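Below: the structure, in structure tokens.
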There are 2 protein chains.
Amino acid sequence: MRVSAKADYAVRAAVELAAAGEGPVKGERLAEAQDIPLQFLEHILLELKHQGIIRARRGAKGGYWLARPADEVTIADVVRAVEGPIADVQSTPPEAIQYTGNAEKLREVWVAVRASLRSVLENVTLADLVSGQLPTIVEELTAAPEAWQASTGTKEMVAKGD
Amino acid sequence: MRVSAKADYAVRAAVELAAAGEGPVKGERLAEAQDIPLQFLEHILLELKHQGIIRARRGAKGGYWLARPADEVTIADVVRAVEGPIADVQSTPPEAIQYTGNAEKLREVWVAVRASLRSVLENVTLADLVSGQLPTIVEELTAAPEAWQASTGTKEMVAKGD
DNA sequence: GCACTCCTGACCAAGAAGGTCAGGAAAGTC
DNA sequence: GACTTTCCTGACCTTCTTGGTCAGGAGTGC
């Protein structure tokens, strides 16, 4: 259940484009603004382009820009573009898994996990991030102080956080 | 954002133990009941034991059993025992990341993602799974028909589901 | 024609995922 | 005390993913 560097970079680059508004922005500027290795970022931007999230033009005055208005692009869109499905179990969509016997209800749990992820990722747009006005659901989830704490318990958690 | 085979196996084995009640259950029986490769499962059970989720005894009449009552062991406990932190960004807990400029609010989003995962995983116990009575939050999240559908859009999603 | 910027594929090292194999060490049985 | 049973542990293996780098080609604008 981890967010890869690629997905993180993709969202950050997209936010930067959202903040820039109209004109094309060079890859180099995105890389500097968000401190991302340029050549790696170019591959990511290419994927975002292939998935129709952004557009690009080459040459002097070239660069990248959002294909849609910033308030119509969600984090889920960007993450899916570079990582594929948001919540898979053993590389299979949760509703497609068959559990037997006592584990039968587990499928519903994984479906609920996916739904809860979607409720966050599909409701935050790039425009929200730029403006700093996050949707209610995020405010609610981050309001509790526990939300900001790594859970305690096993040695692994103490070492790696959670 | 995927659930590994290991985590899935771990939960299924734990549910099987919860269903068995008191007496020790052989690894072989768990493997058969849930169709998990035995030798792989043994490694997983060992980790669960090290993390204090289960106990074990060797020899004839030996086997594994839950260290705590089934209604006091959550899916989050089991998943954390074998996978570590439930929601990391670039192998770092979300609250520890520093974003600059336009991406500043992204940290809150990842914290919200973790909180939403916890709201599901920390509220479902092994006893819930065995009884088939899942907590309200899961019922709510799985009630909507969209929750059971892969999202449509990119070619990748059509191919791999979501 | 030249500079600029994106586009693309090849490559690469390290680590994780998903196992298998071989043997050792406790616990119970006869 | 020997034997069986079952867990315990480390070593090993193959494939895939992650997170990049490198080299060069192909549009675009002046």
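Points to keep in mind about this one:
- Scanning segment B:1-20 for residues that are facing chain A (nearest Cβ under 7 Å) and either within 16 Å of DNA strand C (Cβ to nearest atom) or at pLDDT below 95 (or both) gives B:Met1, B:Arg2, B:Val3, B:Ala5, B:Asp8, B:Val11, B:Arg12.
- Taken together, the residues in segment A:63-103 that are of a type outside the set (Asp, Glu), surrounded by fewer than 18 Cβ atoms within 10 Å (Cβ to Cβ) and outside any strand (DSSP E or B) amount to 10.
- Flag for B:Val89 being modelled with pLDDT of 95 or more and under 13 Å from the mean Cα position of the chain (by Cα): no
- In a residue-by-residue description of segment B:9-20, the property of being under 26 Å from A:Val89 (Cβ atoms), in contact (Cβ under 8 Å) with a residue 12 or more places away in the chain and over 16 Å from the mean Cα position of the chain (by Cα) applies to at least one position.
- Residue-level analysis places B:Val11 among those that are closer than 30 Å to A:Ala7 by Cα, crowded, with 20+ Cβ neighbours inside 10 Å and out of contact with any Asp or Glu (no Cβ under 7 Å at 6 or more places or on another chain).
- Evaluation of A:Ala76 against (1) within 20 Å of B:Leu129 (Cβ to Cβ); (2) more than 14 Å from DNA strand C (Cβ to nearest atom) (one fails), failing number: (1)
- Which listed residue, of A:Glu122, A:Glu83, is more than 8 Å from every other protein chain (Cβ to nearest Cβ), among the acidic types (Asp, Glu) and more than 20 Å from A:Gly21 (Cβ to Cβ): A:Glu122
- Only residues that are within 14 Å of DNA strand D (Cβ to nearest atom) and away from chain B (no Cβ under 14 Å) were counted across segment A:22-43, and they come to 9.
- Qualifying residue in segment B:62-76 (condition: free of Cβ contacts under 8 Å to residues at least 40 places away in the same chain and of a type in the set (A, V, I, L, M, F, W, C)): yes
- Matching entry among A:Ala13, A:Ala60 (being closer than 20 Å to B:Lys105 by Cβ, out of contact with any strand residue (DSSP E or B) (no Cβ under 7 Å at 6 or more places or on another chain) and not polar (S, T, N, Q)): A:Ala13
- Residue match in segment A:49-61 (condition: within 12 Å of DNA strand C (Cβ to nearest atom), surrounded by fewer than 20 Cβ atoms within 10 Å (Cβ to Cβ) and part of a helix (DSSP H, G or I)): yes
The values are calculated or read from the model by the stated rules, or taken from the named source; none is laboratory data. Computed from a predicted model, the values in this text were never measured in an experiment. All Cβ positions, even for glycine, are placed from backbone atoms using ideal geometry, and neighbour counts span all protein chains on display.
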